[in-house]
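Working notes, structure below.
The values are calculated or read from the model by the stated rules, or taken from the named source; none is laboratory data. Predicted, not measured: the structure shown is a model, and the values here were computed from it. Here the Cβ is made from the backbone with ideal geometry for all residues, glycine too, and neighbour counts use every protein chain on show.
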Amino acid sequence: MARSARPLLGLLVVGLGTLPAPLDTSVNIAFPAITRAFGLPLADIRWVVIAYVLTYACLMLAFGRLGDLVGHRRIFRLGLLVGALGFAACAAAPTYALLLAGRVMQGVGVSLILSCGPALATSLFPEHERARALAFYAAVTAVGAALGPLAGGIAVEAWGWPAIFWLRVPLVLLALALSWRLPAPPAAGSMRGFDAPGALLLVVCMSAALLATAGLPEPLDRLLAPALGPVALAGLALFVLRQMRHPQPLIRLSIFRQPGFALINGLSVAVNLAAFAVLLLVPYFLVRMAGLDAAAGGALLAVGAVGTVIGSWVAGRLAGRGRVGLLAAAGAALAAAGLGAVSAWTPHTPLALLGLSLLAQGLGVGLFQVAYADLVVAALPAAERGVAGSLTILTRTLGVVLGASGLSAAHALAEAAAAAAGAPPAEAFLTGFQCTFRIAALGLGLSLALGLANRAVWRMRA
């Protein structure tokens, strides 16, 4: 095999191992089948998402640091193995409790994979091609997220809900079989340098914060909710103190004092929070307002993911040619413009305009994500690539979690207010839809304005 083909093959292996994570969007399409299979009330199905997201969000940064210490390939391969076991456990679960346990195991595996995936991808190429490797990684995520609902719908229809988990087992096992082609540079440390108490504090802080956002089932919510906020704040304070004093912290907090670094990470949360409005509400609009069936609605929704793939490719080509911070700002601005266009949708909006709105929003997200990842990876030394990659995924996850709760609440309030004013159900839904997207677009625009007010953001270079 030609030497020049080896990095590309390694990149394909990383992409193959990463693909099952964004394919988790297939789980949403199986919700009705899962609730029927276990006789669940509709409200309980959210724990299928919470158990998974909470697990990998809490562990991401710790596993990234562990990869820096003992080797990214080792952590990535362990994640593939645990992920395969987690997918199989979910598919074979005879009870809902065991399904949730399988989702936790799946979350551990995905966290191991994602924490070191970007580091492995960038290690395959010289530094001047780093942005292109990150663009490929972002494109894999976008393609997987787009294919998930379509593939999941076909699988559930043909074989039932366990198929959405069984079908991902061969992918991770194939990636595991091919992972020997991935680079295995000397480890930068050992387990003895890993800050386990700091990792535990981070888990406590993140768990309390995310559960406070998502809410607990009654009566636990009424009993424990008042304590979750103080526990999260106390955990954060202790984690910060621990990181400041530990000789090998999970993440060097001094990095956030670099010009523009804290702001660009905050902007990543804002971009992903606002973008989640598309996945949350657009499917309902396409069925209820535009009159599309599920297949046509899924195809139109995939236009946004196609935009993200294109935006990632463009960003990969442009990132090494100037101020990457300016490229990130342009992506955020385009995403906000796309969300603003969605807020103007009505039942009479032509399908072409619906598609163009989603395409613009997706392009903006693709541009931003690659530019942002390139900036974060460049800001940390090569020995901390696992931490850098984990940080980019952590801010994305925080945005999604905050968007799921905040945007849902915004839509419910606006819809209820319209219904109380006498609007029929369809009109009330449309009012809530338009209001939510205006909030998302305006919030992202304000976040971008705050970032641009600090010249260090748009002057950042990778």
### Message
Step by step: first the residues of segment 58-96, then only those that are modelled with pLDDT under 90 and over 25 Å from L173 (Cβ atoms), then the one that is surrounded by the most Cβ atoms within 10 Å (Cβ to Cβ). Which residue is that?
### Response
D68
### Query
Of all residues in segment 37-47, how many are part of a helix (DSSP H, G or I) and modelled with pLDDT of 85 or more?
2
### Task
Tell me, yes or no, whether segment 451-459 has at least one residue that is touching a helix residue (DSSP H, G or I) at 6+ places or on another chain (Cβ under 7 Å) and among the aliphatic types (A, V, I, L, M).
yes
### Task
Go through the residues of segment 409-428 one by one and say whether even a single one is surrounded by 19 or more Cβ atoms within 10 Å (Cβ to Cβ), in a helix (DSSP H, G or I), touching an Asp or Glu at 6+ places or on another chain (Cβ under 6 Å) and not basic (K, R).
yes
### Query
Is one or more of the residues making up segment 88-95 among the β-branched types (V, I, T) and not in a helix (DSSP H, G or I)?
yes
### Message
Let me confirm something: among S111, S115, which residue is within 27 Å of G198 (Cα to Cα), in contact with a His (Cβ under 9 Å, 6 or more places away or on another chain), buried (at least 21 other Cβ atoms within 10 Å of the Cβ) and not assigned by TED's automatic domain parsing to the domain that holds A382?
### Response
S115
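Per-residue answers, yes or no, for (1) of a type in the set (S, T, Y); (2) on the phi < 0 side of the Ramachandran plot; (3) at pLDDT 85 or above; (4) not assigned by TED's automatic domain parsing to the domain that holds G432:
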site	(1), (2), (3), (4)
A237	no, yes, yes, yes
Q243	no, yes, yes, yes
L267	no, yes, yes, no
V271	no, yes, yes, no
L280	no, yes, no, no
M289	no, yes, yes, no
### Task
Find all pairs meeting these conditions: Cβ atoms under 8 angstrom apart; at least six residues apart or on different chains; first residue within segment 352-368 and assigned by TED's automatic domain parsing to the domain that holds L301 and under 22 Å from R323 (Cα atoms); second residue part of a helix (DSSP H, G or I) and among the aromatic types (F, W, Y).
G366/W313
### Query
What single numbered condition from (1) more than 24 Å from T213 (Cβ to Cβ); (2) at pLDDT below 90; (3) surrounded by fewer than 22 Cβ atoms within 10 Å (Cβ to Cβ) fails to hold for V377?
(3)
### Message
Could you check segment 277-309 and list, in sequence order, the residues that are outside any helix (DSSP H, G or I) and among the hydrophobic types (A, V, I, L, M, F, W, C)?
### Response
M289, A290, L292
### Summary
Apart from one, (1) free of Cβ contacts under 8 Å to residues at least 40 places away in the same chain; (2) crowded, with 19+ Cβ neighbours inside 10 Å; (3) under 23 Å from the mean Cα position of the chain (by Cα) all hold for L446; the odd one out is (2)
### Task
Please specify each residue of segment 209-227 satisfying the condition of being part of a helix (DSSP H, G or I) and either modelled with pLDDT under 80 or in the same structural domain as L452 (by TED's automatic domain parsing) (or both).
L210, L211, A212, T213, A214, L220, D221, R222, L223, L224, A225, P226
### Query
In segment 339-347, is there at least one residue being crowded, with 24+ Cβ neighbours inside 10 Å, of a type outside the set (D, E, K, R) and touching a Leu at 6+ places or on another chain (Cβ under 7 Å)?
yes
